[in-house]
1. Sort out for me the Cα centre separation of the stretch 246-305 from the stretch 76-94, rounded to whole Å.
2. How big is the C-alpha Rg of the chain next to the rule-of-thumb value 2.2 N^0.38 Å, as a ratio?
3. Which order, highest average first, do 255-263, 412-420 follow once you tally other Cβ atoms within 10 Å for each residue and take the mean per peptide?
4. Which trypsin sites (Lys or Arg not before Pro) in the stretch 104-195 pass both tests, a DSSP loop state and at most 15 other beta-carbon atoms within 10 Å?
5. Arrange the peptides 73-80, 313-320 so that the one whose residues have, on average, the most other Cβ atoms within 10 Å appears first.
6. Could you tell me the center-to-center distance, by alpha carbons, between the stretch 362-424 and the stretch 143-167 in angstrom?
7. Hey, can you list the DSSP H helices of the chain whose Cα span along the axis is 27 Å or longer and whose average Kyte-Doolittle score is at least -0.5?
8. So what's the back-of-envelope 222 nm ellipticity for the chain, counting only DSSP H runs of four-plus at -39500 (n - 2.57) apiece and dividing by all residues, rounded to 500?
Amino acid sequence: MRVYHEFCLSLDKIMPRKLSRVLFYAILVFLLAWLSFFAEAAQGKYSGLITGALALCLFITLFLSGRKAVKNTFVDKGDIFLWAYIFVIAIGAIFSSSAGSGINKYLDYAIPAVIIYYLFKCNFYLANRKDKIAEAVCAAGGIVSLIAILEFAFHRNIIYENFIPNPYYEYYLLEGRRMSTQFVPQVMGTYLAACMPMAYRLIFNKGKKLAQIIGWLCGILMAAGIILSAQRVSILAFMAASVTYLFFKNRKMLAVFVSLSIIFLSLLSMCSNPSLKRISVSKGGFLNSGTYEYRIDRLKTSFRMSKDFSLFGVGLGNYRLFFDKYEDKQGRYYNETKDNYYMKTPENMYLMILSESGLLGLLFFLLFIFSILRRGLMFCADPEREGREMAIVLSSGIAAILASMLTYDSLYWTTPFYIFWIYTGMLASITRKNVVCVKG
């Protein structure tokens, strides 16, 4: 009887962990496929269903967890800024002049953010084969890049011609900027740049030749996809991810990488393809003064808006509703944007947060990011830390998304939004003092 009793006790400890691990891998596989191969229109259509399913998964995980583990997950000083941000944007949404729109956006933005963050914060430590996760992410990124290469070769994308309506398709197709499965080139570039550190993890894995081969193959494909997006934001995000990763992993390689990147981007200025010139170091690319003048114009509009709604902003999702009121009617870009709903954005996620969530919202968001990255970079700087390799990968992926936020409203697009909160949740899971989340 004693042996049986001990067996039951051990089973009681092991089973919750195994069930949580299986659930976590199922979530990971689903989200990887969902974010990689389903365009924004499909993702948005089923966003409520996905959020509900993830909330249920989080509830099951917490049910399987012990009381101490739940407390350890939620009682975290670094998360104070996250909850403050969520609270501030709730106030802004409720008391905005267009409360209905603000509350709907809040439910689509804040609730999923919290669920995704805590789901991965609680569960990521259960992943005992992190190289396999890196291989799966690289494989998905490689497939997305292959579709972009086919789009480049055939000058068409059958996804948007036959299956999913895309209002941006004709414009970007004419411009020679590839979208693949990601609806617009900006999102594709951000997605691939955020996946790239996973390829670096495999490439620098000296103990496994097959993993290195997969890393090199998928890394080259993803680099090609980033180039074919012909988006400056893609290059910016890719550089941010690569510089962050190599700074902690191989600083000699960092100097080589930066030098070769500058040479390559300079050579693109001599390319006859106008879309590729957009990402070159030339007047048609990064040195294009018109691009910066346009963004300065948006900066002024956002500042005028935030001046009138300084603390809590105009409310989530309301920037476009207030755009015409604060845009300079005598400005150079007014005529081309006054009748174009899609162009009424600040072209910068930080300015979007400032305008829609106010100074308090932006402050707490930045403090949350600072808190997460500070812990992550402390792990990265210590070679003896367990989990250092993945902390470098996740910090680099977050750096890519933060860089992309400088040039468009990336967190209002499903794929970058999910990746951002997944990565921050994973990084929080690695860096918290006690990572025991499930009994046993």
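1. 34
2. On the way: Rg = 22.4 Å, N = 440, 2.2 N^0.38 = 22.2 Å.
Here the answer is 1.01, to two decimals.
3. Those peptides, ordered most packed to least, come out 412-420, 255-263.
4. Working: sites: Lys105, Lys121, Arg129, Lys130, Lys132, Arg156, Arg177, Arg178; in loops: Arg129, Arg156, Arg177, Arg178.
Filter output for the stretch 104-195: Arg129, Arg156.
5. Details: 73-80: 15.0, 313-320: 24.8.
Top of the packing list down: 313-320, 73-80.
6. 30
7. Length and hydropathy pass: 2-37, 99-123, 130-154, 209-228, 349-381.
8. -24000 deg cm²/dmol
Bear in mind that the values in this text are calculations on the coordinates, not laboratory data. None of these values were measured; they are calculated from a predicted model. Backbone-built Cβ (ideal geometry, glycine too); neighbour counts: all protein chains shown.
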